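Worksheet for the structure shown next.
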Amino acid sequence: SGGNPECSLVVFSPVKELPDLFRRNLEPLCHAFPCEHEAQGGEPVSKKFTLCLGSEGFGIGFHRHNAAMFMLIVGRKKWYMGPQSVEDDAPTHPGFYTNKSSHKCIQKPGEVLYVPDQWYHEIFNFEYTAGIQALPS
């Protein structure tokens, strides 16, 4: 898209490290996040929030981590997900997209997506995206 190549892929920044005014504006969104433990009636768990900005066409390859929630604020993302039983083998394309991922969806602004603990996933941005990820800290 002809923009500055240094600003054309993705930015991940812990919300707590953002400038004060920006962080305060994101605070209500961060407090909206439940987590699996809390949803099951457990005590509140501290969470790490990350602001994620990504350009059109950017993708994050096959990976897994602890359970997470992702709130999309702007743009649309395609998610491919599969349980821990999915083999971590290369190449993942097109195998993970076509037959290894058991769950596929398009996330739209205002939607929160839950990624179960240790589930493999890949993400593709249809357009510029902005969102907040919450992981238990």
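Highest-first packing order for the peptide set 43-51, 114-122 is 114-122, 43-51, based on the mean count of other beta carbon atoms within 10 Å.
Give, in nm to one decimal, the length gained when the segment between LYS16 and VAL45 is fully stretched (0.36 nm per residue of separation minus the Cα-Cα distance).
Working: separation 29, 0.36 × 29 = 10.44 nm, distance 1.65 nm.
This chain segment gains 8.8 nm when fully extended.
All of the numbers you see were taken from the coordinates with simple rules; none came from a lab. All figures in this text were calculated on a predicted structure; none of them were measured in a lab. A quick note on method: Cβ atoms are made from the backbone with ideal geometry, for glycine too, and the neighbour counts reach across all protein chains shown.
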